[in-house]
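Below: one structure, written as C-alpha cells.
The values are calculated or read from the model by the stated rules, or taken from the named source; none is laboratory data. All values derive from a computational prediction rather than experimental measurement. When we count neighbours, we look across all protein chains shown, and the Cβ atoms used for this are built from the backbone with ideal geometry, even at glycine. The accessibility values were calculated without ligands, DNA or RNA, using every heavy atom of the protein model including side chains. Shrake-Rupley method; radii C 1.70, N 1.55, O 1.52, S 1.80 Å.
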Amino acid sequence: MSYRTINVAASRSYDIIIGAGVLSEIGNLIAPLLGKCRLAMLTDSNVDELYGDRIVEYLSSSGYAVDKFVIPAGEASKCADNLLEFLNFMADCKITRSDAVVAFGGGVVGDMAGLAASLYLRGVKYVQVPTTLLAAVDSSVGGKTAIDIPAGKNLVGAFYQPSLVCCDTALMDTLAPEVYRDGCAEVIKYGVILDGQLYDKVKKIPFDRESVVARCVEIKRDVVQQDEFDNGVRGLLNFGHTFGHAIEKMSNFGVSHGSAVAKGMLIAARMAPLCGLCDAADELKELLLAYGFDLSCDYSADDLFDAILSDKKRRGDNITVVLPRSIGDCALVTLTVDKLYEKLKQILG
Ligand code: GLY
C-alpha cells in the first residue's frame, strides 16, 4: 500500500500520513518515533464502539501497552473536568516521560489529548489519529490544543505539535452525514482563503476524499510553517470562525462547529463588501446550500457581538476578521470592536 506523506517543519518536525487503511500501519509508523513505550489513548464513546478494539489490536500486536480512556462523544466533553480526569488516569497508569499519548477521534479528542500531552510531566509526545474529516483537514494538524471553559471555546490551550498524524480516510466512511458535512465546511474554507482551484474542485459533490484531504493539509502545513504561533498569516484559517465560535457559544454548542463555521463564513462574506472588498456572498451561499448547510442565523448582532468580545482573537479594542478579496484570496482586516458591531448590525439587524 502506498500512502501520501506530508511533512510539517514546525518547532517539531513531523509527518502526516494519509490514506485509506493506514491505521493498520500505526505500530510500524510510531516505532521509530516513540520506541517501545506505554500509550495513554484518549478516544470518545462513538469512536471506541466502532474502532476501539481495532486500534488496540494494531498497537498491541506491535508490542505497545495501551491504556484507553473514553470520554462521551460531543463538544461538552472538551472541558477542564475531563482534562483533569485524563491527567489523573495517565498518572494512575504510571505514564512516564518516555511514554506517549494517542488522540484517537475528532477535534474534541485531538484538542484535549494534545493539551494533556503538553501538560503532563511538562510534556510527553503525542500522536494524532483523526477519525473525522474536520480533524483530518484542520484540528489534527498544526499543534493547536485546547479545552473550552464557560467564558468561551478553546480559551485554555497551548501550541504543542504532535510527533505524527496518522490519517486513515477509510475511518470516515462511518461518519454520520452531518458530522462529515462539518468537515466539508473546513474544506470549503481552505478553498475560499487560499485556493480557488480547490474551491472549484469541491463544487463536485461528493469530492474525492483522499486528494482533497491531502490538499487541505498541504495548505495548512504551508500556513503553519510561516506562522506557527498565530501572530499573522495563520489568522486566515479563522475565516468564518470568529462569528462561528460566537454562534456555537450562543447555542450552548447545540450548533455544531462546522455548521457554525458555515454560517460564520457567510456573515464574513457579507461583511467583505461593507469593508470595500468583493461580494462573494451569493456564490459562497450557493455552494454551502448545495452541501446542505442551514445558513439561518437565530442570533442578533447584539447577541453575537457580546459573544465575540470574549473571543481570543480580540486584542484590546481591536479584532481581526478574515474577509474575502475573491474566492481563493482572503484578507486579514483589523476593525475596532465598535466598527465590527456597526457592520454586524448592517448584516443581521
Ligand atoms: N484551526 C485554526 C488553526 O489551526 O490555526
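Before moving on, here are some points about what is shown:
- Charge context of residue 335, other residues only, Cβ under 15 angstrom, K/R +1, D/E -1: +3
- Cα centroid separation, segment 226-244 to segment 63-142 (Å): 23
- Per-residue extension of 0.36 nm, minus the Cα-Cα distance of residue 97 and residue 76, leaves a gain of 4.6 nm for this segment.
- Tail beyond 16 Å, pair distance distribution of segment 112-173 (Cα, percent): 46
- Computed log₁₀ I(q)/I(0) - Debye formula, equal Cα scatterers, no solvent, segment 142-250, q 0.09, 0.17, 0.21, 0.23 Å⁻¹: -0.27, -1.01, -1.45, -1.53
- Of the beta bridges in the chain, as assigned by DSSP with both residues counted there, near 45 percent are antiparallel.
- With a 1.4 Å probe rolled over the protein heavy atoms of all chains, the accessible area of 153, 249, 94 falls in the order 94, 249, 153, largest first.
- Listed by chain and number, the lysines placed with their C-alpha closer than 18 angstrom to that of residue 285 are 189, 201, 203, 204, 263; residues fewer than eight positions away on the same chain are left out.
- Stokes-Einstein, applied to the Kirkwood radius of segment 301-341 over Cα pairs at a viscosity of 1.002 mPa s and 20 °C, places its translational diffusion at 196 µm² s⁻¹.
- Where only alpha carbons of segment 5-163 are counted, the Rg and the Dmax (Å): 14.2, 43
- With a cut-off of 10 Å between beta carbons, the residues surrounding residue 259 carry a summed charge of -2, where Lys and Arg count +1 and Asp and Glu -1.
- The chain - mean residue ellipticity at 222 nm from DSSP helices (-39,500 (n - 2.57) per run, n ≥ 4, rounded to 500): -12500 deg cm²/dmol
- The chain: C-alpha pair distances exceeding 37 Å, %: 15
- Charge context of residue 348, other residues only, Cβ under 14 angstrom, K/R +1, D/E -1: -1
- For segment 85-200, the equivalent ellipsoid derived from the Cα gyration tensor has semi-axes of 28, 15, 13 Å, listed largest first.
- Pairwise Cα distances in segment 191-349 exceed 21 Å for 44 percent of all pairs.
- Rh by Kirkwood over Cα pairs, then Stokes-Einstein D for segment 217-258 at 1.567 mPa s and 4 °C, µm²/s: 113
- Counting only Cβ charges, +1 for Lys and Arg and -1 for Asp and Glu, the dipole size of segment 159-251 around its Cα centre is about 220 debye.
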